[in-house]
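The values are calculated or read from the model by the stated rules, or taken from the named source; none is laboratory data. It should be emphasised that the depicted structure is a prediction, and the values quoted were computed from it without experimental measurement. Neighbour counts are summed over all protein chains in view; Cβ atoms, including those assigned to glycine, are modelled from backbone coordinates with ideal geometry. The accessibility values were calculated without ligands, DNA or RNA, using every heavy atom of the protein model including side chains. Shrake-Rupley method; radii C 1.70, N 1.55, O 1.52, S 1.80 Å.
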Amino acid sequence: MQRFLNADFLLDTATARRLYHEVAADLPIIDYHNHLPPSEIAADQHWETLGQLWLEHDHYKWRAMRWAGIDEARVSGNAGWREKFDAYAQAMPDMIMNPVHHWSHLELWRYFGLEGTILSPDTADMVWETANARLGEAQFGARGLLLQMKVEFVGTTDDPLDTLEHHRALMNDPDLTVAPSFRPDKALQIEAPHFANYIADLAALTGIEITTFDALEAALLQRLDHFVAHGCKASDHGLDFFDAGEEVSASVLDDILRRRLTGLDRITSDEASSLRAALFTALGRAYAARDVMMQLHIGSLRNTSSRLMGTKGRDSGGDSIGDRAIAEPLNVLLDRLDRSDALPRTVLYCVDATKNAVLTTTAASFQDGSVAGKVQVGTAWWHNDQLDGMERQITELAQMGLITPFLGMLTDSRSFLSFPRHEYFRRLFCRMVGRWVETGHIPDAPEIHDRLIRGVCYENARKQFL
């Protein structure tokens, strides 16, 4: 019987054990997409208790706690941090085989020296006291927690209206690169109630009167250039549904935008789709011209619980997997950029794992030989970044595309303690490669295996972002 999360966890062949312990384990981390607050990194924020550090922002943990029967006051409500921590310890035994159960213990063990301790009501006092005693140490501030895990690059997620003063303060950090990612979702959510006010705020910030499509494009590109000046390497689009509206003339786009901003006449869904597609194409061209990677996060069904949305707002754990068709609009939009040689380096993610093959075959169609993996399939996302989900994504990518240029793991997290997820991924990937070797699916050539592990776990992302 194997001990829980032992040193060889997931490493079930001799090849896997060698690959992890000798090649993967000590590699630095490039975390090119997450939701960490840059203000907290710039301030090197410290936390008084493990409860706050662990539970304040992490909706993965909130979802599991609710499922275990914990009342909302002790999840995201007004209970104290010790009471919330005790509730989490109470729920922990119910989370067995959920990745949160693995991640939580790896976080306790890797950061706080609690190897072998299993969190439960019986151990809660000891864990609380041990962890809290460490939080005052210099290396337990936001920046120190990143450096403990050998994080070299952090790609935050930022709205075009963000001033980026915290990124500016971090630009001369010799050990850690923190770069903004340009996320213009609100500018493409044409039908949303906030749209007109958002465009007014964009106009005020840029000094551009936005009454035409060209003016809207100019304002967004001004902000994109501001991001690039602050180290931006990637954009990010959260596309909960995917459409590819009809291409229309500039005058038609101007009319649609005018009517939407003034509210004098309702626009149709087809008109909104055309305006959104035109903006997407304009931004894609701009990314390509500036060598900014384009990330597309597709297919989530957000805020499905009206109760949670009404009481807690967005990003509180009330999101699910959408199952809308994406293949045709995705290929149409990428083709509009590709046919004029304006397709940027692109990473495709879909939270619906049944679309893995769609993403892989789409990526294959838009390679142009300019760089390996110009269009990539991103790592298993959100509800799928667990063992089976990651294995399915990697297997389909390897068999229907190319695994060697794959950018590997990212946290997509709001938690500064989430970086052992890279270890989780690396162990799984080494297990998969080890099995491929020992079953004769790939050559028994250590130089090939080592190059693959180093590339996927670190070097491919480093080349793209550093």
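Taking all pairs of distinct Cα atoms, average 1/r, flip it, and tell me the Kirkwood hydrodynamic radius of segment 383-466 in Å to one decimal place.
Across segment 383-466, the inverse of the average 1/r is 13.6 Å.
Among P160, I190, L216, whose Cα lies farthest out toward the positive end of the dipole of segment 89-229, if unit charges sit on the beta carbon of Lys, Arg (+1) and Asp, Glu (-1)?
P160
Given the -39500 (n - 2.57) contribution per DSSP H run of 4+ residues, what per-residue ellipticity at 222 nm results for the chain, rounded to the nearest 500 deg cm²/dmol? Please list the in-between numbers first.
Details: 21 runs with 219 residues, N = 466.
After summing the helix terms and dividing by the residues of the chain, the value is -14000 deg cm²/dmol.
In whole Hz, with x marking every Gly and Pro, tabulate ³J(HN,Hα) for segment 23-37 from phi via Karplus 6.51 cos²θ - 1.76 cosθ + 1.60, θ = phi - 60°.
10, 8, 4, 9, 5, x, 10, 10, 9, 8, 8, 8, 10, 5, x
Scan segment 1-103 for GluC sites (Glu not before Pro) in coil per DSSP, keeping those whose Cβ has at most 11 other Cβ atoms within 10 Å, and list them by number.
E48
Would you work out what percent of the accessible area of the chain, with all protein chains in place, is carbon or sulfur (probe 1.4 Å)?
Heavy-atom surface of the chain belonging to carbon and sulfur, 1.4 Å probe: 50 percent.
For A218 and E137, calculate 0.36 nm times their separation in residues minus their Cα-Cα distance, and state this gained length in nm to one decimal.
Working: separation 81, 0.36 × 81 = 29.16 nm, distance 4.67 nm.
Here the segment from A218 to E137 would lengthen by 24.5 nm.
Modelling each spin label as a point 7 Å along the Cα-to-Cβ direction, I'd like the A364/S120 distance in nm, to one decimal.
Going from the A364 label point to the S120 one covers 4.9 nm.
Tell me the angle of helix 81-91 to the major Cα principal axis of the chain, expressed in degrees between 0 and 90 and rounded to the nearest ten.
70 degrees
Just order 240-248, 187-195, 59-67 by mean Cβ neighbour count inside 10 Å, highest at the front, would you?
Top of the packing list down: 59-67, 240-248, 187-195.
For segment 183-254 and segment 352-373, compute the distance between their C-alpha centroids and round to whole Å.
Their Cα centres are 26 Å away from one another.
State in Å² the accessible area per residue of the chain; use a 1.4 Å probe, count heavy atoms of protein chains only, and round to the nearest integer. Provide the component values of the computation, followed by the final result.
Numbers: 19050 Å² over 466 residues.
About 41 Å² of surface per residue is accessible.
Give the residue from W47, T13, S249 lying farthest towards the positive end of the charge dipole for the chain; charges sit on Cβ (+1 for Lys and Arg, -1 for Asp and Glu) and the dipole is referred to the Cα centre.
T13
For each pair in K233/K463; K233/K374; K61/K186; K61/K312; K233/K355, compute the distance between the two Cα atoms and list the pairs where it is over 20 Å. Display every interim value, and only then the final one.
Details: K233/K463 11 Å; K233/K374 15 Å; K61/K186 27 Å; K61/K312 15 Å; K233/K355 26 Å.
From the list (K233/K463; K233/K374; K61/K186; K61/K312; K233/K355), the Cα-Cα distance tops 20 Å for K61/K186; K233/K355.
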